[in-house]
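The values are calculated or read from the model by the stated rules, or taken from the named source; none is laboratory data. These numbers come from a predicted model, not from an experiment. With ideal geometry, Cβ positions are generated from the backbone for all residues, glycine too; neighbour counts draw on all protein chains shown. Areas reflect the complete protein model, heavy atoms only, side chains present, ligands, DNA and RNA absent. Shrake-Rupley method; radii C 1.70, N 1.55, O 1.52, S 1.80 Å.
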Amino acid sequence: MSQDTLTVTDNRTGRTYELPITDDTIRAMDLRQIKVNDTDFGMMAYDPGYTNTASCRSAITYIDGEKGILRHRGYPIEELAEKGTFLETAYLVLNGELPTAAQLQEWHEGITHHTIVHENIKELMSSFRYDAHPMGMFVSTVAALSTFYPSAKDVEDAEVRDANIKRLIAKVPTIAAFSYRHSRGLPYNYPHNELSYTGNFLHMMFKMTEPEYRIHPALERALDMLFILHIDHEQNCSTTTMRGIGSAMADPYSAVAGAAAALYGPLHGGANQAVLEMLHEIGDVKNIPEYVEGCKKGERRLMGFGHRVYKNYDPRAKLIKDVAQEVFEVTGRNPLLDVALELEKIALEDEYFVKRKLYPNVDFYSGLIYQAMNLPPQMFPVLFAIPRTVGWLAQWCEMLDDGDQRIARPRQVYVGHDVREYVPMDQR
Ligand code: CMC
């Protein structure tokens, strides 16, 4: 008997099946042959939240949650964050290799020349209610972009795909900044092509009436690094949404909008806003024990703690903690940092959190940095969506080029009524 197989005995029938194992996985479709009789549909795997289901084979991001390892295309996140830039890492994630100097320059120029949005997009955005949430505006406006580029539907044409990937990466900071300016009742700033990706974003966010907006290089670099840390995280909720929408051959604007909508959820991209709100609510170090008790009783969750995959310190959280110190040297110390540090210390020693392997995740410190940089909490999910657009697009391309992939269509275990007779209205 081959060693790379799994032998399954169905005790209902006494029959034995041998299922091939590849990369430590069996194919769920191989279970279908397990039947009690010929009319039986066949065995399925029940996995709400896909906690143990590999939906694809991917070469983009490697995570070892137990050891706290994150790599993109084989490169450790620590090295990319310390030595690389966001656009360079974006190129790597999308193309599989680090760019040469010439490739990076061409890539940079390609992105820079697509940062402007059609004036109609500006008008569309200005029609949102004055207090519209920037993430709601972001999701809707990215979706609207599909109507400006109808040829984007031709997802199997490599040239069309590349052009729209550049457009999306270039335009998401513009849309993000416009959504912020709208929420503040401020005029929109057009992109400044001489600046770096993050420098231009900060310029569009914050330039007022001064002739030239000056960005502190340490803050520009900190944001660039935060963008690197958020670039991709394999098959999470929003990426799965991206692949799901993309599997129907939808254009990338619609798919990115859908992925961003998933990211809007407080358990995903909204968590750093929730962390900051939590830190404000706690307010003082002396209130921490009572707050933590509430978490342990299940009254609330300790936001910024825990992760579906990491059962160890999230490597991104470690890097962000270091960046936080650099940012605070420029902006002054965020008073909530003391609350965060003490909360982390208590939680890491408390049996409840230790037993459940609940460590700080990427969102625990990022909100404090953003706040110190005057980036308001409502913008946090948008700040996540900008770099993650790269990851979504890389995963989308990989999915389109993967001959194994078909339209996403999970099964269900039907637990509802058997057939019933319609009851007329006067008899109900
Ligand atoms: N505070 C208190 N208890 C928690 C927390 C938390 N933050 N997270 C998990 N638990 C407990 C949970 O109550 C459960 O306990 P028990 O076994 O007694 O019922 C146990 O830990 C396992 O929790 P789970 O809900 O099965 O874990 P999950 O893998 O489904 O959830 C999570 C992962 C990230 C949704 C969750 O840890 C959470 O809600 N964290 C707070 C929100 C947050 O910080 N989200 C950002 C995630 S990182 C960004 C990203 O990649 O999107």
Charge dipole magnitude, Cβ of K and R +1, D and E -1 - the chain, Cα centre, debye nearest 20: 820
Cα centroid separation - the range 371-400 against the range 201-251, whole Å: 4
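Averaged per residue, what accessible surface does the chain expose to a 1.4 Å probe, in Å²? Intermediate results must be reported in sequence, preceding the final value.
Numbers: 22050 Å² over 428 residues.
In whole numbers, the chain has 52 Å² accessible per residue.
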Options Gln33, His192, Val309, ranked by Cα towards positive dipole end of the chain, top entry (Cβ charges): Gln33
Centroid-to-centroid separation of the range 5-27 and the range 162-181 [C-alpha atoms, Å]: 48
Cα-based reach from Lys321 at 23 Å (exclusive), listing lysines while leaving out same-chain residues under 8 positions away: Lys67, Lys83, Lys286, Lys311, Lys345, Lys357
Neighbour-limited loop hits for chymotrypsin sites (Phe, Trp or Tyr not before Pro), the range 19-51 (at most 16 other Cβ within 10 Å; DSSP other than H, G, I, E, B): Phe41, Tyr46
Computed over the range 49-135: relative contact order in percent, which uses C-alpha pairs under 8 Å that are six or more apart: 15
Low-density loop positions, chymotrypsin sites (Phe, Trp or Tyr not before Pro), the range 107-164 - DSSP coil, at most 12 other Cβ in 10 Å: Tyr130
Neighbour cut-off at most 13 other Cβ (10 Å), DSSP loop, GluC sites (Glu not before Pro), the range 25-106: Glu66, Glu97
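Roughly speaking, to the nearest percent, how much of the range 85-238's 1.4 Å accessible area is carbon and sulfur?
Here it works out to 53 percent.
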Estimated distance in nm for a label pair at Arg12 and Ala163, the labels positioned 7 Å out from Cα along Cα-to-Cβ: 5.4
Nearest 10 degrees, 0 to 90: helix 86-95 Cα axis against the chain principal axis: 30
Gain upon complete extension [Ala28, Ile346; 0.36 nm per residue less C-alpha separation]: 110.2 nm
At R0 = 22 Å, FRET efficiency that the Cβ-Cβ distance of Asp404 and Gln3 yields, to 0.05: 0.40
FRET efficiency for Leu19 and Asp131, using Cβ-Cβ distance with R0 set to 45 Å, rounded to 0.05: 0.25
Helix 158-183 axis, angle to the chain major axis (alpha carbon atoms, nearest 10°): 60
Where labels lie 7 Å past Cα in the beta-carbon direction, separation of Asp284 and Asn52 in nm: 4.8
Mean separation of Cα contacts under 8 Å, 6 or more apart, over the residue count of the chain: relative contact order %: 19
